[in-house]
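Chemist: Below is the structure I would like to discuss, written out as structure tokens.
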Amino acid sequence: MNERPQYLRAEERRAATVQAVVDLAAEQNPAEITTTAIADRMGLTQGALFRHFPTKDAILEATLSWVSERLLARVDKAAEGAAAPAAALEAMFMAHIDFVARHPGVPRMLFGELQRPGETLPKRMVQTLIRQYEQRLRRLMEVGKAQGELSAGLNVDAAAVLFIGTIQGLVMQSLLAGKVSRIRHDAPAVYAIYRRGIETAR
């Protein structure tokens, strides 16, 4: 009878650990985040931290799982609330921008893992996230083509890559400027240019 509250407390501690990593990644190079820094941010000892995660890699993997689940859930919800494919694509774009603006450490973590040499589990997790995201975009674009909203000759593979690449470009610009809020300001005008490239000529 008493095990359930303990389980919930453990899950809450794990969630707080993930949040600490995301917050720290917004302030420093994610590759340089130590377990000492994570424990300090949470007001814990390293021993207490390792009672919930056996290794630093386990913390990173849990954080990337959180990122994947939250980001895909955000864009899925945005798409579901749109009336048509073109509107759904724009809603997904803006939902992704909002997610990045709220969690500026996330893209720094993703970029960092993709730049790692060799094959690692965290790197594969990021690659899987991108593949799943692109699959969603391609399916939506195919529906848009079938309904005549998007150009009949649209290369959906290239368009999906460009969609994500456009967001990555906005992220890089905001990082270079040192001003995360810039991404929200620039996103609508940038997406308008992208939209004109994929929609049926009017």
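The values are calculated or read from the model by the stated rules, or taken from the named source; none is laboratory data. Small disclaimer: the values here were computed from a predicted structure and weren't measured. All Cβ positions, glycine included, derive from the backbone under ideal geometry; neighbour counts span all protein chains shown. Ligands, DNA and RNA are stripped out before the accessible areas are found, and what is left, the full protein with its side chains, is counted by its heavy atoms. Shrake-Rupley method; radii C 1.70, N 1.55, O 1.52, S 1.80 Å.
Chemist: Using the structure shown, decide if Ser174 is hydroxyl-bearing (Ser, Thr, Tyr) and over 30 Å from Val18 (Cβ atoms).
Modeler: Criteria not met by Ser174.
Yes/no per residue for (1) free of Cβ contacts under 8 Å to residues at least 40 places away in the same chain; (2) touching an Asp or Glu at 6+ places or on another chain (Cβ under 9 Å); (3) under 20 Å from Val75 (Cα atoms):
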{"position": "Arg136", "(1), (2), (3)": "no, yes, yes"}
{"position": "Leu140", "(1), (2), (3)": "no, no, yes"}
{"position": "Ala152", "(1), (2), (3)": "no, no, no"}
{"position": "Asp157", "(1), (2), (3)": "yes, yes, yes"}
{"position": "Gln173", "(1), (2), (3)": "yes, yes, no"}
{"position": "Gly178", "(1), (2), (3)": "yes, no, no"}
{"position": "Arg196", "(1), (2), (3)": "yes, no, no"}
{"position": "Thr200", "(1), (2), (3)": "no, yes, no"}
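Chemist: Identify, from the list Arg74, Arg70, Arg13, the residue that is open to solvent by 60 Å² or more (accessible area, probe 1.4 Å) and over 24 Å from Leu129 (Cβ atoms). Steps first, please.
Modeler: Working: Arg74 fails: over 24 Å from Leu129 (Cβ atoms); Arg70 fails: over 24 Å from Leu129 (Cβ atoms).
Only one candidate qualifies: Arg13.
Chemist: Does Thr120 qualify as being at pLDDT 95 or above, open to solvent by less than 50 Å² (accessible area, probe 1.4 Å) and among the hydroxyl-bearing types (Ser, Thr, Tyr)?
Modeler: No.
Chemist: With (1) modelled with pLDDT of 95 or more; (2) of a type in the set (A, V, I, L, M, F, W, C); (3) in a helix (DSSP H, G or I) as the list, and Met109 as the residue in question, which single condition is left unmet?
Modeler: (1)
Chemist: On to the next question. Working only within segment 146-199, note down all residues that are exposed (fewer than 15 other Cβ atoms within 10 Å of the Cβ) and part of a loop (DSSP other than H, G, I, E, B).
Modeler: Within segment 146-199, Gln147, Gly148, Ala152, Gly153, Asn155, Gly178, Lys179, Ser181 qualify.
Chemist: Do we find a residue being at positive phi, open to solvent by 40 Å² or more (accessible area, probe 1.4 Å) and among the small types (Gly, Ala, Ser) anywhere in segment 86-105?
Modeler: Scanning segment 86-105, I find no residue that is at positive phi, open to solvent by 40 Å² or more (accessible area, probe 1.4 Å) and among the small types (Gly, Ala, Ser), so the answer is no.
Chemist: Scan segment 115-133 for residues that are without any contact (Cβ under 8 Å) to a residue 40 or more places away in the chain, touching a helix residue (DSSP H, G or I) at 6+ places or on another chain (Cβ under 7 Å) and not β-branched (Val, Ile, Thr) and report the count.
Modeler: Matching residues across segment 115-133 total 2.
Chemist: If Ala31 passes every condition in (1) open to solvent by 20 Å² or more (accessible area, probe 1.4 Å); (2) assigned to a helix (DSSP H, G or I); (3) within 23 Å of Thr166 (Cα to Cα) but one, which one does it miss?
Modeler: Only one criterion in (1) open to solvent by 20 Å² or more (accessible area, probe 1.4 Å); (2) assigned to a helix (DSSP H, G or I); (3) within 23 Å of Thr166 (Cα to Cα) is unmet by Ala31, namely (3).
Chemist: Test Leu110 against the criterion of being closer than 23 Å to Gln28 by Cα and in contact with a Pro (Cβ under 6 Å, 6 or more places away or on another chain), and give yes or no.
Modeler: Against the criterion (closer than 23 Å to Gln28 by Cα and in contact with a Pro (Cβ under 6 Å, 6 or more places away or on another chain)), Leu110 does not qualify.
Chemist: Going through segment 159-176 one residue at a time, which ones are over 16 Å from Ala86 (Cα atoms) and not polar (S, T, N, Q)? Lay out the reasoning, then the answer.
Modeler: Within segment 159-176, the first condition is being over 16 Å from Ala86 (Cα atoms), and the residues that meet it are 161, 165-176.
Val161, Gly165, Ile167, Gly169, Leu170, Val171, Met172, Leu175, Leu176 - these are the residues of segment 159-176 that are over 16 Å from Ala86 (Cα atoms) and not polar (S, T, N, Q).
Chemist: Additional query: Here are some conditions: (1) under 21 Å from Thr63 (Cα atoms); (2) small (Gly, Ala, Ser); (3) assigned to a helix (DSSP H, G or I). Gly118 meets all but one. Which one does it not meet?
Modeler: If we test Gly118 against (1) under 21 Å from Thr63 (Cα atoms); (2) small (Gly, Ala, Ser); (3) assigned to a helix (DSSP H, G or I), just (3) comes out false.
Chemist: Restricting to segment 39-55, what's the tally of residues that are under 20 Å from Val126 (Cβ atoms) and surrounded by 15 or more Cβ atoms within 10 Å (Cβ to Cβ)?
Modeler: Counting residues in segment 39-55 that are under 20 Å from Val126 (Cβ atoms) and surrounded by 15 or more Cβ atoms within 10 Å (Cβ to Cβ) gives 1.
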